[in-house]
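Step one of this worksheet: look at the structure below.
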Amino acid sequence: MYQMLSLQLPLPPTINGFSYCYPKPALWLLHDRYRSSSRNFSRACSSSTLLKYCVHACATPSDVAFEREEVKGTDSSTGIPVDESPSLPAGLRPELMPKHVAVIMDGNVRWARQRKLPSSFGHEAGVRALRELTDLCGKWGINVLTVFAFSTENWIRPKVEVDFLMNLFERVIKEDLNNFMRDDIRISVIGDSTKLPVSLQKMIAEAQQITRNNSRLQLIIAVSYSGQYDIVQACRSIADKVNEGLIQPNDITEAVIEKELETNCTNFPHPDLFIRTSGEQRVSNFLLWQLAYTELVFAQPLWPDFGKADFVDALCSFQQRRRRFGGRDS
């Protein structure tokens, strides 16, 4: 039998790609945890990356074994790893958290007009709100966040606004790609990408490829998306398979259709919670098939003003509801 102890030690400095380690007896490492503060360790090592050493203390010091894994986040003042699973706000129960949250980010332009600012300022403010919501979802154990960024109907907006939005999408993905990797966020984009600028298409493909193995949170961005067209393209794909003799008409089920929808990119295609900001109360051609049994919340704040407190309110409302899926309470 042995015990497992966990030590947080900084990486030694590296020179020309090599790590200079100074061997110490195993028990010294155990004692040193009580003799030295993390601040002394951080002075000795230039790297801010920490390693988590799992010490298996057996019968003799020579039997002590070490395993290590990288700890991603550290406190800037102490060098101590930040808790990867912070507690939920008061009133929220972890077992009742939604696995998939879908959001229509409505109100950017109205937010700007209220402040007598150009529309572009509203869209920039909306990006900040999205970053905050993405961070909260990752911290609070939500698996999938789907956001409606640009609909097929939005192509009729003024060209100057559309061009700005296309450039904004590309810039934000490029700027945040390192953050997506750091925070273990997988990026997926749904919608008719053929209408997007070529440079944006390439950026989307790169982001999806680079983040494909991330698993903490999947951020699905709907761009040039239509819920109606999503169903139409699924039907066309199934019709092609029938014509090719791959399936029979009687084989077509809800499950077959779902596999052809664009949300087949996730293990949780059906949102548990839908949020629309700005007080508007409609789903606006967003995830029409997938929202069949979704709980709907219509929030009053314009999207750039939607923050942590508003998200908590929506989650509290969700957790107070009874989801029967067509059945009855027992």
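May I ask you to verify whether Ser237 is loosely packed, with under 12 Cβ neighbours inside 10 Å and of a type in the set (Ser, Thr, Tyr)?
So Ser237 does not fit the description; no.
Would you confirm whether or not segment 210-225 contains a residue that is in a helix (DSSP H, G or I), at pLDDT 95 or above and polar (S, T, N, Q)? Walk me through how you get there before you give the answer.
In the first step, residues of segment 210-225 are kept if they are in a helix (DSSP H, G or I); the result is 210.
Of the ones still in play, those that are also at pLDDT 95 or above are 210.
In the following step, the residues that additionally are polar (S, T, N, Q) were identified as none.
Taking every residue of segment 210-225 in turn, none turns out to be in a helix (DSSP H, G or I), at pLDDT 95 or above and polar (S, T, N, Q).
Among the residues that make up segment 214-224, is at least one of them more than 30 Å from Leu136 (Cβ to Cβ), open to solvent by 40 Å² or more (accessible area, probe 1.4 Å), free of Cβ contacts under 8 Å to residues at least 60 places away in the same chain and not acidic (Asp, Glu)?
Of all residues in segment 214-224, those more than 30 Å from Leu136 (Cβ to Cβ) come to none.
No, segment 214-224 contains no residue that is more than 30 Å from Leu136 (Cβ to Cβ), open to solvent by 40 Å² or more (accessible area, probe 1.4 Å), free of Cβ contacts under 8 Å to residues at least 60 places away in the same chain and not acidic (Asp, Glu).
Output the qualifying pairs, or none if there are none: Cβ atoms under 8 angstrom, residues six or more apart or on different chains, first residue in segment 246-269 and closer than 28 Å to Leu217 by Cβ and touching a residue at least 60 places away in the same chain (Cβ under 8 Å), second residue open to solvent by 80 Å² or more (accessible area, probe 1.4 Å) and not aromatic (Phe, Trp, Tyr).
Filtered contacts from segment 246-269: Phe268/Lys99.
For segment 236-258, enumerate the residues that are under 20 Å from Leu291 (Cα atoms) and of a type outside the set (Gly, Ala, Ser).
Filtering segment 236-258 for residues under 20 Å from Leu291 (Cα atoms) gives 253-258.
Across segment 236-258, the qualifying residues are Thr253, Glu254, Val256, Ile257, Glu258.
Note down all Cβ pairs under 8 Å where the first residue falls in segment 185-200 and is under 20 Å from Gln218 (Cβ atoms) and assigned to a strand (DSSP E or B), the second is open to solvent by 40 Å² or more (accessible area, probe 1.4 Å) and of a type in the set (Ser, Thr, Tyr), and they're at least six residues apart or on different chains.
Once the first residue is under 20 Å from Gln218 (Cβ atoms) and assigned to a strand (DSSP E or B) and sits in segment 185-200, its partners that are open to solvent by 40 Å² or more (accessible area, probe 1.4 Å) and of a type in the set (Ser, Thr, Tyr) give Arg186/Ser215.
Inside segment 274-317, can you point out the residues that are in contact with a helix residue (DSSP H, G or I) (Cβ under 6 Å, 6 or more places away or on another chain), closer than 24 Å to Glu258 by Cα and part of a loop (DSSP other than H, G, I, E, B)?
Asn285, Phe286, Leu287, Leu288, Trp289, Gln290
Yes/no matrix, rows are residues, columns are (1) open to solvent by less than 40 Å² (accessible area, probe 1.4 Å); (2) part of a helix (DSSP H, G or I); (3) farther than 23 Å from Leu217 by Cβ:
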| position | (1), (2), (3) |
| --- | --- |
| Lys116 | no, no, yes |
| Leu130 | yes, yes, no |
| Asp135 | no, yes, no |
| Leu145 | yes, no, no |
| Glu153 | no, yes, yes |
| Val160 | no, yes, yes |
| Met166 | yes, yes, yes |
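The values are calculated or read from the model by the stated rules, or taken from the named source; none is laboratory data. Values in this document were obtained by computation on a predicted structure and should not be read as measured data. Ideal geometry is used to build each Cβ from the backbone, glycine not excepted, and the neighbour counts take in all protein chains shown. We work out accessible area using only protein heavy atoms, side chains counted, and drop any ligands, DNA or RNA first. Shrake-Rupley method; radii C 1.70, N 1.55, O 1.52, S 1.80 Å.
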